[in-house]
Amino acid sequence: MDKAKKIVEAKKETEKQSGLGITVEKDDFSEWFTQIMLKADLADYSSVSGCLVIRPTAYAIWEKMRDECDKRFKKLGIRNAYFPLLIPEKTLKKEKEHVAGFSPEVAWVTEAGDTKLKERLAIRPTSETIIYESYSKWIRSWRDLPLKLNLWNNVLRWEFKHPVPFLRGREFLWNEGHTVYSNKEDAEAEKDEIMGIYKEICEDYLALPSLIGRKSKKETFPGAEYTISMEFYMPNGRCTQGPDFHHDGEIFAKAYDIKFLDKDGKESYAQQNTFAISTRMLGVMFAVHSDSKGLILPPKIAPNKIVIVPILFEDSKDKVLKKCKELMSKLGKFESLLDDREEYKPGWKFNEWEMKGIPIRIEIGPKDLENDSVMVYRRDNGKKEAVKLKNLEDRVSEILEEIQKYLFDKAKDSLNNAIIEVASFEEMLRVLKEKKIAFSPLCENIKCEENLKAETQGAKVLNIPDKQPTKVGKSVCVICKKKANYFAYVGKSY
């Protein structure tokens, strides 16, 4: 074992004994991801299985995502509202396909105090049913349309046994957009606007590329005509569905009697859309970018972009701290932190801030003061460079942009390298076994999708891209060998 490797192993053993630092590699994804969540102070477990405590750092990231989405929604004329958490059973059951899709996930309130309720109340798994009861009262004329509302709320879905922090929880935070139009053309035109917002947030802020396409019939949101989704590739080979858009057509309008008189006085059913982004995206971002040292955050979404760590000695402490405070003020626009705790050595602080994913660390000691410079460390690739104080602000801006681009490009390469086109079921099995995504010709038969899931131990159609290979018309379904209708991304998913 060479000297460098011995130092790394000794460091890991020390961290393991002290309870600090990540003690496993990223290959052990479940344990690694759990340690990232707990040790980087992102989340904690609660006494209710599947219900996560979101700590301030992670919540600040969610607030940034929420605010960036929200201001873009408002530019489209979408206004925020709030609807009740509890949904009467008779209201929930009005749209049969919708309630059937969510039935296994619904938690019910049956008692209040010592009194048994006359009707069960569902804790919202999603809000269509309670919202559309109101829409049916509010919408009477074409002049009432479009109606474009959005909710920022929590939902509860109780259908699984093994929750994963952020990625698969029983309770999570999200937005619910619920818009109503007088005609199908205008309703469907909203798809590109909304998916454009979600794509911008995911790519430009979270540094996450995705596969965007239409869900298969089997995977379409219950009650929707079709669903458009963004799918993300994870380090363990699984995929995760992110933001989505559902065009509901007249399905809910007919179930909840959402009708209006058009300009000719004719009664028509409204056209509807729903769309959402959730705290799941935090988990995707943490998992994709982070490493064996801990969390890595893209600068544009990081609550704090810089931490300043002074190197203190008794004879120069006051001068160094004074310069650090000057830098704090000068670099204030980067939400800088100053770690001036004297009870911890610089090396301990370095490890802590690496664990917590601060994009840039600035080190400054007496020798740096003499040289009118500081040492700048970047969290993404571990490189250090000396930067003159007069150039620091500009160089920090450049490095933050470099980090943001580097993280996106790295994730993009990982996604692209994971996609392998196949022509047979045997090839698909091989690709899935390698924990990659099979780009496969398939037919529209739901039975084939069911067989796909059964015969691959859980793989499914992720989505179907709009841009299809020219050879799709000459290809056959890898399941039934009949003519293929499209090429789709197939993988295992949370």
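The values are calculated or read from the model by the stated rules, or taken from the named source; none is laboratory data. Remember, predicted model here, so these are calculated numbers, not experimental data. Heads up, the Cβs are rebuilt from the backbone with ideal geometry, glycines too, and the neighbour counts pull from every protein chain shown. Heads up: the accessible areas ignore ligands, DNA and RNA and are worked out on the full protein's heavy atoms, side chains in. Shrake-Rupley method; radii C 1.70, N 1.55, O 1.52, S 1.80 Å.
Before moving on, here are some points about what is shown:
- Span from the region 256-328 Cα centroid across to the region 68-134 one, whole angstrom: 27
- Isotropic mean projected area of the C-alpha convex hull, region 28-123 (nm²): 10.3
- Principal-axis tilt of helix 29-39 within the chain, Cα atoms, nearest 10 degrees: 60
- Of all accessible heavy-atom area on region 22-85, the percent that carbon and sulfur account for (1.4 Å): 52
- Built amide H within the under 5 Å cut-off of ARG157, gap 5+: GLU171
- Per residue, the chain exposes an accessible area of 48 Å² to a 1.4 Å probe, with every protein chain left in place.
- Annotation note: trypsin sites (Lys or Arg not before Pro) in region 151-223 located in DSSP loop regions with a Cβ neighbour count of at most 11 within 10 Å are LYS161.
- For ASP44 and PHE350, the FRET efficiency from 1/(1 + (r/R0)^6), where r spans their Cβ atoms and R0 equals 30 Å, is about 0.75.
- Estimated at 0.36 nm per residue, the fully extended path between SER103 and SER397 surpasses their Cα-Cα distance by 100.8 nm.
- Proximal aspartates and glutamates to LYS39, defined as alpha-carbon separation beneath 17 angstrom and excluding residues fewer than eight positions away on the same chain: GLU13, GLU15, GLU25, ASP28, GLU31, ASP291, GLU352, GLU354
- Ligands, DNA and RNA left out, the 1.4 Å accessible surface of region 116-256 is 47% carbon and sulfur atoms.
- When semi-axes √(5λ) of the Cα gyration tensor in Å is computed from the coordinates, the matching label among (1) 45, 28, 23; (2) 48, 33, 18; (3) 64, 29, 16 is (1).
- Relative contact order (%) - the chain, alpha-carbon pairs under 8 angstrom, separation at least six: 14
- Over region 153-203, Cα pairs under 8 Å with separation of 6+ residues give a relative contact order of 29 percent.
- Helix axis angle, 128-138 relative to the chain longest principal axis, alpha carbon, degrees: 60
- Solvent-accessible area, 1.4 Å probe, carbon plus sulfur percent, for region 361-494: 48
- FRET efficiency estimate (nearest 0.05) - Cβ-Cβ, GLU200 to ASP315, R0 51 angstrom: 0.50
- Cβ-Cβ FRET estimate between VAL476 and ASN371, R0 fixed at 41 Å, reported to 0.05: 0.05
- log₁₀ of I(q)/I(0) at q = 0.12, 0.15, 0.19 Å⁻¹ - region 163-265, Debye sum with one point per alpha carbon: -0.51, -0.75, -1.10
- Angle between the chain longest axis and helix 346-355 axis [Cα atoms, degrees, rounded to 10]: 10
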